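Have a look at the structure below before the remarks.
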Amino acid sequence: MPARSVSEVDFIGFRIIQKFQVNKVEMLSGGDILIRSLQEEGVEHIFGYPGGAVLHIYDALFKQNRIQHILTRHEQGATHMADGYARSTGRPGVVFVTSGPGATNAITGIATAYMDSIPMVIVSGQAHTHLIGTDSFQETDMVGISRPVVKHSFLLKNAEEIPEAIKKAFYIATTGRKGPVVVDIPKDVTNPTDLFPFEYPETVSMRSYNPASKGHSGQIKKAVAMLLEAERPMIYSGGGVVQGNGSEDLTSLTRTLGFPITNTLMGLGAYPATDKQFLGMLGMHGTFEANNAMHHCDILLAIGARFDDRVTNAVSKFCPYAKIIHVDIDPASISKNVVADVPIVGPVEVVLKELCRLAEAGVAKRSEKQTAMLSEWWDQIEGWRRQDCLKIDVDEGSKVIKPQQVIEAVYKATKGEAYIASDVGQHQMFAALYYPFDQPRRWINSGGLGTMGFGLPAAMGVQTAFPDETVVCITGDGSIQMNIQELSTCAQYGLPIKIICINNRSLGMVRQWQDMQYEGRHSNSDLDSSPNFAKLVESYGHVGFSVTSIDDLDVVLEETFSLKNKLVFVDIAVDSNEHTYPMFVSPNGSMRDMWIKKGVRT
Amino acid sequence: MRRRIISVLLENEAGALSRVVGLFAQRNYNIETLNVAPTDDETLSRLTLTTLATDEQVEQITKQLNKLIEVVKLANLTDGDHLERELMLIKLKATGPQRDEIKRTSDIFRAQVVDVTQNAYTIQLTGTSGKLDAFLRAMSDSTVLEMVRSGVSGLSRGEKVLSI
Ligand SMILES: Cc1ncc(C[n+]2csc(CCOP(=O)(O)OP(=O)(O)O)c2C)c(N)n1
Ligand SMILES: [Mg+2]
């Protein structure tokens, strides 16, 4: 038989291509399939760091321009950026890391997102399929290592699984109680020379995963009846209301009922903090009025909150007079730490709408007696509020800056409208207490895991999503040094974050506990040799200021926020002996047992 | 603290079992026995585990298990009437007068001798865990060479079923 001519081969090749075009099935490599799947999910930004196991994927990324990749300086930074991105936008954050050390470096960020129920999809490279289990180079069991800190995970064995796995990963991450999902992909699965038909599924259904779509209407009716008969009602809402987009409905329910409300550290901004009905944050460092109102209430409506030990103090002494209504999307959060009298499992937004509808009708029929009791309750609350527990003690004539004053000055300079990403420590609590948030998704902080090093990269994620907004990172001299390398990423991508470093030359929160519980023995909590931060950031091409006197604070901050296109680092020396108050007396205290200031207890 | 039997229908997928076991370790619940195998529908495994827990703990355990994506359905069999069985294979030293004694006790328990050598019997016994324990006590004078128990399997009595 004569060999086929070249033109004949071309012709056949052409026919094949044509056939696929008719059926709209494209042949793509695993790497391309992954990137296309992410595009189909509407992903616009990926935070990541390349390495051997993800080189095929990075090559596929290079060939397109719909998704922007932000190259970080450490995988932990990438995860916190994706996390901050997700917290501020409500859209899932996406991370790429390589196998082995890339994957393990991502764990802290994954755990941080997991503890706060933040939607994220983490794609990690893995060793070749045939090498898995052989202790091959940069092999680590990512699915195993991340298992306790993910909502779910996938280990893919061939490229054809990619579209469905990605679809499921986004679906799982963003529905029900949200959380991070890991997709671990062996290098051979993304091999550029092996082509597979690509089709992205439009819908996903999983027989074993069906999060609740509405609350039980009988329970909701019962809850409203209880709320309308309450003598000393209290609303306590958490991060679930922010993540579940329930702020608007929470606000209208609270206003309809005229009840006092408090937010958890995670829930700040869900209800406008400058409103009269807001009693401030509750919990370990909560306000006197919020914690007292919790302790004395007779009906507690808890929404998207999980009765964390940092909120309840001793559980046995928690809300001794209250019947508890608990709304949450996660049935496992209900009656876990504190038994709920009326449990309602459902998405907060849907349940809140239903509560609003019924409450509006009910409030109109409220008796005079009930109205009188409510106003008596408010009188009692106003009494607690008059204690003015957040009043800052300033020594007359002193130039020393108090950390609380820094937050107040930042609030003033940003008109209360900035996105504030915080690190972990005293400065975090000061920020939570002294920067009242009137909108949800403005306060970005690691509540559940309490991860130092979260602030800067989280702020970068926010700034990536909102390039024109003012994004502030409130940090401490300890925390900032846990991910300071990301200053270089900021330079590369022109992220004009404003970093406010409350520099107390110590691990302040640790020091505070040592003062209070270890007779002031400051074991390893002094930070003696921090760099000259202002000079350090200048070497990255940013602007650095140092402030040491209260007289300069406002002026420097004004200049800082006027430099719209520059990253500015403000290193502010503050009183290193300051403590964060109020603070629960623990262990075995109730919510009303608090230290109000040094040596002063309730 | 009471003994509970929890029966779980699980997606028959790699890694699913490790999530169940991991959950118990991570949340400080105990597992007394555990067994798992595919069902007639090969996409599903059925897993049975026993644990010692208070009412509150078992509520948390079932809620947390239900949160695992691969858990399709589960039931706490000890909530109602149920059947439970466990299989034991036990190899006993059997020489001299011991041989008859072991055989007699086995008969009383309706156990079967399934393998014999000059010096050993291998005995198979099924029943509730309590029955297996009682057999072991009855054999306390004999020398156990080795033994294995399957862990508990169970079903609800009557027409109640755990299926999708
Ligand atoms: C990664 C990590 N390691 C340790 C801790 C424990 N820890 C909590 S607050 C704190 C001190 C934080 O110091 P700094 O950032 O300077 O904040 P400050 O309390 O001084 O305002 C430490 C060490 C933590 N939360 N995270
Ligand atoms: Mg410090």
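The numbers here are math on the coordinates, done by the rules we state, and not lab data. Only a predicted model underlies this, so the values are computations on that prediction, with no experimental measurement involved. Cβ placement follows ideal geometry from the backbone for every residue including glycine, while neighbour counts extend to all protein chains displayed.
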What shape does the protein assembly as shown have by the C-alpha gyration tensor, where a ≥ b ≥ c are the square roots of the eigenvalues, rounded means a/c under 1.5, and otherwise prolate means a/b greater than b/c and oblate the rest?
-> oblate
How do A:411-419, A:24-32 rank on mean C-beta neighbours within 10 Å, highest first?
-> A:24-32, A:411-419
Quotient of Cα Rg and 2.2 N^0.38 Å for the range A:441-568, N being how many residues it contains | 1.12
Point-to-point label distance, residue B:73-residue A:588, nm (Cα→Cβ direction, 7 Å offset) = 4.9 nm
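In the structure shown, do any of A:323/A:369; B:67/B:160; A:415/A:564; A:498/A:566 have a Cα-Cα gap over 18 Å, and if so which?
Values: A:323/A:369 20 Å; B:67/B:160 23 Å; A:415/A:564 15 Å; A:498/A:566 8 Å.
Result: A:323/A:369; B:67/B:160 exceed 18 Å.
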For the range A:217-385: relative contact order, % (alpha-carbon pairs under 8 angstrom, 6 or more apart) | 29 percent
Relative contact order, percent, chain A [alpha-carbon distance under 8 Å, six or more residues apart] | 13 percent
Calculate I(q)/I(0) for the range A:276-401 by the Debye formula, one identical point scatterer on each C-alpha and no solvent, and give its log10 at q = 0.10 Å⁻¹ to two decimals.
-> -0.42
What nm value, rounded to one decimal, do you get for the distance between residue B:41 and residue A:564 when each label is placed 7 Å out toward the C-beta?
-> 6.0 nm
Descending packing, highest mean Cβ count within 10 Å first, for A:490-503, A:381-394 is A:490-503, A:381-394
Assign one of three labels to the range B:2-79, namely rounded, prolate or oblate, based on the Cα gyration tensor with a ≥ b ≥ c the square roots of its eigenvalues; rounded applies when a/c is under 1.5, prolate when it is not and a/b is larger than b/c, and oblate otherwise.
-> prolate
Okay, helix-only estimate at 222 nm for chain A: each DSSP H run of n ≥ 4 adds -39500 (n - 2.57), divide by all residues, round to 500 deg cm²/dmol; what do you get?
-> -11500 deg cm²/dmol
List every residue whose amide H lies under 5 Å from the amide H of residue B:72, counting only residues 5 or more places away in sequence or on a different chain, with H placed 1.01 Å from N in the peptide plane.
-> B:9, B:10, B:11
Taking a ≥ b ≥ c as the square roots of the eigenvalues of the Cα gyration tensor of the range B:59-164, is the shape rounded (a/c under 1.5), prolate (a/b larger than b/c) or oblate?
-> prolate
Alpha-carbon centroids, the range A:123-174 and the range A:249-305: separation in whole Å | 41 Å
Taking B:141, A:141 and counting other C-beta atoms within 10 Å, the order from fewest to most = B:141, A:141
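Arranged from highest to lowest average of other beta-carbon atoms within 10 Å per residue, in what order do the peptides A:73-83, A:181-191, A:584-594 appear?
A:73-83, A:181-191, A:584-594
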How high is the FRET efficiency between residue A:524 and residue A:576 when r is their beta carbon distance and R₀ equals 22 Å, given to the nearest 0.05?
-> 0.90
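Beyond a 22 Å Cα-Cα separation, which of these cross-linked pairs lie in this structure: A:214/A:353; A:222/A:365; A:168/A:353; A:317/A:391?
Result: A:168/A:353; A:317/A:391 exceed 22 Å.
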Over the whole of B:24-31, what's the average partner chain Cβ count within 10 Å per residue? Rounded to a whole number, please.
-> 1
When all Cα-Cα pair distances of the range A:6-198 are considered, the percent exceeding 20 Å is 53 percent
So how do A:321, A:200, A:435 line up by other beta-carbon neighbours within 10 Å, fewest first?
-> A:321, A:200, A:435
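Take the Cα gyration tensor of the range A:385-496, multiply each eigenvalue by 5, square-root it, and list the three semi-axes largest first, rounded to whole angstrom.
26, 16, 14
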